[in-house]
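All remarks here apply to the structure that follows.
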Amino acid sequence: MKLITWNTQWCCGLDGIVSPERIVAEARAMADFDVLCLQEIASGFAAMPGQPGNQPARLQALLPEFQVFFGAAVDEFDARGQRQRFGNLIATRLPVASVQHHPLPWPADLGVRSMPRMCSVVTVLDPSLGAVRVMTTHLEFYSERQRMAQALALRDLHQQACAQADAPPLGDDSGSPFQSKRHTRHAVLCGDFNLQPSAVEYTTIQEPFRALAQYGNTLTAINSKANHWRDGWPLVHGQTPHAPTFRLFDNSYGPEPITCDYVFVSESLADRVKALTVNLTTQASDHQPLLLEMG
């Protein structure tokens, strides 16, 4: 599986030009990808620089061989009644078992700028890896309180999914919404986390699961299997510092390049990670895209 993740800044390059076409072209130049995870995709918001338009529709047209799933963290209407949406998008050419969109916590933080955040999840069926939950997200930039709550929620989503895989519900072939689901411990979590490797949230995301005693002793024993999140970068590069993914060419948000975009994999996939690279040349966004290769 080849997966690219990229915060596209609503497909707005450092030249101020909004171009989903350029985003897709540069992603294709990086790899013949199976999954493309994009953050900051917009629909509406005519007042934003470059007037994004309907980017989910444009990306679907640019990727005709892919299924495209857009999850709007922000879904609202402007003063004229025009719908405005902003969030994450996952495109894949692999067979898809299920799609979920999870709102992330948004606790009050007086006087701090913020907006709703979410995690989009598409379970794909890879011929080598089997079922894999692909999760993409974009955490809060301005509020540390909200970002930590969101980091904890991402851990809980993965823990819950692993518990379902280890102790599956009653089988159901009724063809109704209760029909059996494809549960899996394999997962990839990627996106813009708005935190650096030194941040406490970075460590929190990767902490081992807590015991699930509240669900009974059986699940506690089953879920004691290690399957927590692992940052893919040190799996490939060891102690080499993360490559920068933000502020490499633009210092609008700070003077020095930093890392805030990551690909985490479940422990069950750690030995399947073959490569993780960062495109350090593109200026099609204010972030740099990452390419994960597993096999």
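Values as computed for the structure displayed
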item	result
Residues (of a type in the set (Gly, Ala, Ser) and within 13 Å of the chain's Cα centre (by Cα)) located in the stretch 116-133	120
Test: residue 184 is more than 25 Å from residue 75 (Cβ to Cβ) and of a type in the set (Ser, Thr, Tyr)	yes
Residue in the stretch 59-66 that is of a type in the set (A, V, I, L, M, F, W, C), under 24 Å from residue 156 (Cα atoms), surrounded by 14 or more Cβ atoms within 10 Å (Cβ to Cβ) and touching a Ser or Thr at 6+ places or on another chain (Cβ under 8 Å) present	no
Count - residues of the stretch 21-75 that are more than 17 Å from the chain's Cα centre (by Cα), part of a helix (DSSP H, G or I) and more than 24 Å from residue 293 (Cβ to Cβ)	6
Candidate set: the stretch 162-208, residues that are among the small types (Gly, Ala, Ser) and under 23 Å from residue 116 (Cα atoms); chosen: the one surrounded by the fewest Cβ atoms within 10 Å (Cβ to Cβ)	199
Test result for residue 36, closer than 23 Å to residue 276 by Cα and in contact with a Phe, Trp or Tyr (Cβ under 6 Å, 6 or more places away or on another chain)	no
Near pairs, Cβ below 7 angstrom, 6+ apart or cross-chain, from the stretch 201-217 (on the phi < 0 side of the Ramachandran plot and at pLDDT 95 or above) to any residue that is charged (D, E, K, R) and in a helix (DSSP H, G or I)	201/147; 205/155
Within the stretch 147-189, considering residues that are closer than 24 Å to residue 1 by Cβ and charged (D, E, K, R), the one farthest from the chain's Cα centre (by Cα)	166
Residue count, the stretch 9-31 (criterion: in contact (Cβ under 8 Å) with a residue 60 or more places away in the chain, closer than 14 Å to residue 63 by Cβ and buried (at least 22 other Cβ atoms within 10 Å of the Cβ))	3
Residue in the stretch 135-144 that is surrounded by 24 or more Cβ atoms within 10 Å (Cβ to Cβ), of a type in the set (A, V, I, L, M) and over 13 Å from the mean Cα position of the chain (by Cα) present	no
Conditions (1) under 23 Å from residue 154 (Cβ atoms); (2) touching a Leu at 6+ places or on another chain (Cβ under 9 Å); number of the one not met by residue 228	(2)
Condition met for residue 152 (farther than 27 Å from residue 67 by Cβ, in contact with a helix residue (DSSP H, G or I) (Cβ under 7 Å, 6 or more places away or on another chain) and either surrounded by fewer than 17 Cβ atoms within 10 Å (Cβ to Cβ) or among the hydroxyl-bearing types (Ser, Thr, Tyr) (or both))	yes
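Table: residues versus (1) farther than 28 Å from residue 254 by Cβ; (2) touching a Pro at 6+ places or on another chain (Cβ under 7 Å).
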residue	(1), (2)
171	yes, no
174	yes, no
178	yes, no
183	yes, yes
192	no, no
197	no, no
203	no, no
207	no, no
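For every residue, the table says whether it meets (1) surrounded by 21 or more Cβ atoms within 10 Å (Cβ to Cβ); (2) within 23 Å of residue 16 (Cβ to Cβ); (3) modelled with pLDDT under 95.
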position: 239; (1), (2), (3): no, no, no
position: 253; (1), (2), (3): no, yes, yes
position: 264; (1), (2), (3): yes, no, no
position: 267; (1), (2), (3): no, no, no
position: 271; (1), (2), (3): no, no, no
position: 276; (1), (2), (3): yes, no, no
position: 281; (1), (2), (3): no, yes, no
position: 288; (1), (2), (3): yes, yes, no
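A quick yes/no check of all residues on (1) closer than 23 Å to residue 268 by Cα; (2) of a type in the set (Phe, Trp, Tyr); (3) in a loop (DSSP other than H, G, I, E, B):
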| site | (1), (2), (3) |
| --- | --- |
| 91 | no, no, no |
| 109 | no, no, yes |
| 114 | no, no, yes |
| 120 | yes, no, no |
| 134 | yes, no, no |
| 142 | no, yes, yes |
| 148 | no, no, no |
| 158 | yes, no, no |
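The values are calculated or read from the model by the stated rules, or taken from the named source; none is laboratory data. This structure is a prediction, so every number in the text was calculated from the model and none was measured. In this analysis, Cβ positions are derived from the backbone assuming ideal geometry, glycine residues included, and neighbour counts consider all displayed protein chains.
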